[in-house]
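Participant: Structure below; questions to follow.
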Amino acid sequence: MSWEQLATEPLDIDSGVLAPRARAITSALARLAVPVLALRNGRAEPLASGALYDYGTSLLLLTCRHLFDDGAAVGDLGLPLGDTRRILWLRDARPIVLVDPQADLAAVRIGCRRSAGLLRRHWRVAALDRLAAAGRTQVYVLAGFPYAQMRRVGPTLHAKPVVVFACGRMEQGRLQLNYQRIARRADGLEIHAPALDGVSGATLWALIDRSAEAHGADNAIDCELQPAAVQSAFKHDAYVKADPLEDFSRLLRARMA
């Protein structure tokens with residue numbers, strides 16, 4: 001079983017982010033958005049998306065709670081190891097699952113130091129101490145791995161991530177983005193936006209504008225990407241919905257103290 005990530009062109013729904021900036025942000029997200037695979041009948045199958053975070057001395061995989069509600073066993077989940085085509089199966093990582101009883105949020109704590117080291121080597125790890133206040137910023141970017149953009153060739157699962165820029169607002173305690181069926185690709189071509197099955201669990205990042213000299217800003221993108229929420233639902237020509245991370249961070253602090 002192996003894995004290969006393909007290059008992608010970012011999509012814009014209604015944000016107006018310019019193509020060079022969108023491509024630079026997409027490049028920055030290439031090692032932040034993590035696919036979550038499941039072992040089924042001896043094969044690696046796509047299941048969800050997520051991102052890795054430092055939280056104190058712990059390494060956490062943040063994703064959606066409903067994949068566990070739907071019966072996924074944490075020991076059968078795997079994370080690809082970057083471009084090596086290898087997969088780290090979480091049964092070897094001494095995982096501990098922490099779920100939010102209210103919101104559709106879950107964290108998997110990686111308890112094995114060797115496994116945590118492998119993941120840190122092959123992915124970028126974000127910090128949970130710099131969260132964006134969901135709804136206070138207008139433009140967000142979602143990066144995840146939809147089933148619609150995956151194909152299997154022999155033993156290898158090839159996956160092209162989706163990176164979507166859209167405006168957001170708070171609706172009944174959840175962050176909601178527009179998700180139209182037609183999106184504009186960075187090269188100017190209008191295309192059908194893919195179904196987002198498989199993107200559940202992906203982080204929505206707020207684009208926080210900074211001057212190029214500002215602390216924490218990436219000179220290539222002239223902004224800071226701050227985690228704001230985790231995607232849990234979508235409907236074409238309607239919305240992407242996500243659960244804000246602020247309350248979950250406080251819950252984790254209490255449980256991991």
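Participant: I'd like the full set of residues that are touching a residue at least 60 places away in the same chain (Cβ under 8 Å) and either surrounded by fewer than 18 Cβ atoms within 10 Å (Cβ to Cβ) or small (G, A, S) (or both), limited to region 111-121.
Facilitator: Selection gives R120 alone.
Participant: May I pose another question? State whether the residues of region 136-155 include one that is in a strand (DSSP E or B), basic (K, R) and surrounded by fewer than 17 Cβ atoms within 10 Å (Cβ to Cβ).
Facilitator: yes
Participant: Would you confirm, using the coordinates I've provided, whether A195 is aliphatic (A, V, I, L, M), within 19 Å of R31 (Cα to Cα) and under 18 Å from the mean Cα position of the chain (by Cα)? Break it down stepwise before answering.
Facilitator: On the way: aliphatic (A, V, I, L, M): yes; within 19 Å of R31 (Cα to Cα): no; under 18 Å from the mean Cα position of the chain (by Cα): yes.
No: the conditions fail for A195.
Participant: From R85, R91, R121, grab the single residue that is farther than 27 Å from T26 by Cβ and not assigned by TED's automatic domain parsing to the domain that holds Q231.
Facilitator: From the options R85, R91, R121, the qualifying one is R91.
Participant: Here's something else I'd like to know. Do we find a residue being aliphatic (A, V, I, L, M) and free of Cβ contacts under 8 Å to residues at least 12 places away in the same chain anywhere in region 163-174?
Facilitator: Keep residues of region 163-174 that are aliphatic (A, V, I, L, M), which gives 163-164, 166, 170.
Next cut, free of Cβ contacts under 8 Å to residues at least 12 places away in the same chain only: none.
No, that holds for no residue.
Participant: Would you check if there is a residue in region 134-146 being over 16 Å from P10 (Cβ atoms), hydrophobic (A, V, I, L, M, F, W, C), in the same structural domain as D209 (by TED's automatic domain parsing) and in contact with a His (Cβ under 9 Å, 6 or more places away or on another chain)?
Facilitator: First pass over region 134-146, keeping only residues over 16 Å from P10 (Cβ atoms): 134-138.
Those still in the list that are hydrophobic (A, V, I, L, M, F, W, C) too: 134.
In the following step, the residues that additionally are in the same structural domain as D209 (by TED's automatic domain parsing) were identified as 134.
From what's left, in contact with a His (Cβ under 9 Å, 6 or more places away or on another chain): none.
There is no residue in region 134-146 that is over 16 Å from P10 (Cβ atoms), hydrophobic (A, V, I, L, M, F, W, C), in the same structural domain as D209 (by TED's automatic domain parsing) and in contact with a His (Cβ under 9 Å, 6 or more places away or on another chain).
Participant: Here is a further query. Which one is farthest from V139 (Cα to Cα) among residues in region 19-42 that are without any contact (Cβ under 8 Å) to a residue 60 or more places away in the chain and outside any loop (DSSP other than H, G, I, E, B)?
Facilitator: R40
Participant: Sticking with this structure for a sec: Among the residues of region 126-135, what is the count of those that are under 16 Å from the mean Cα position of the chain (by Cα) and buried (at least 16 other Cβ atoms within 10 Å of the Cβ)?
Facilitator: Going through region 126-135 one residue at a time, the tally reaches 5.
Participant: Cβ contacts < 6 Å: first residue surrounded by fewer than 22 Cβ atoms within 10 Å (Cβ to Cβ), restricted to region 67-85; second residue part of a helix (DSSP H, G or I) and of a type outside the set (A, V, I, L, M, F, W, C), any location; separation 6+ or different chain. Result?
Facilitator: G75/R91; L81/H122; G82/H122
Participant: For region 93-107: of the residues being part of a loop (DSSP other than H, G, I, E, B) and within 13 Å of S232 (Cβ to Cβ), which is nearest to the chain's Cα centre (by Cα)?
Facilitator: Per the criteria, the residue is L105.
Participant: State all residues of region 86-105 that are in contact (Cβ under 8 Å) with a residue 60 or more places away in the chain and closer than 25 Å to T156 by Cα; if no residue qualifies, say none.
Facilitator: Those that are in contact (Cβ under 8 Å) with a residue 60 or more places away in the chain and closer than 25 Å to T156 by Cα: R86, I87.
Participant: Would you check which residues across region 52-64 are touching a residue at least 60 places away in the same chain (Cβ under 8 Å) and either part of a strand (DSSP E or B) or charged (D, E, K, R) (or both) and list them?
Facilitator: Residues satisfying the conditions are L52, Y53, D54, Y55, S58, L59, L60, L62, T63.
Participant: Can you find a residue in region 185-205 that is modelled with pLDDT under 95 and assigned to a strand (DSSP E or B)?
Facilitator: The answer is no, given that none of the residues of region 185-205 is modelled with pLDDT under 95 and assigned to a strand (DSSP E or B).
Participant: Then there's this: Against the definition (at pLDDT 95 or above, surrounded by fewer than 21 Cβ atoms within 10 Å (Cβ to Cβ) and hydrophobic (A, V, I, L, M, F, W, C)), how does A51 come out, yes or no? Step through it out loud before you land on a result.
Facilitator: Numbers: at pLDDT 95 or above: yes; surrounded by fewer than 21 Cβ atoms within 10 Å (Cβ to Cβ): no; hydrophobic (A, V, I, L, M, F, W, C): yes.
It is false that A51 is at pLDDT 95 or above, surrounded by fewer than 21 Cβ atoms within 10 Å (Cβ to Cβ) and hydrophobic (A, V, I, L, M, F, W, C).
The values are calculated or read from the model by the stated rules, or taken from the named source; none is laboratory data. Keep in mind the model is a prediction, meaning the values are calculated, not measured. With ideal geometry, Cβ positions are generated from the backbone for all residues, glycine too; neighbour counts draw on all protein chains shown.
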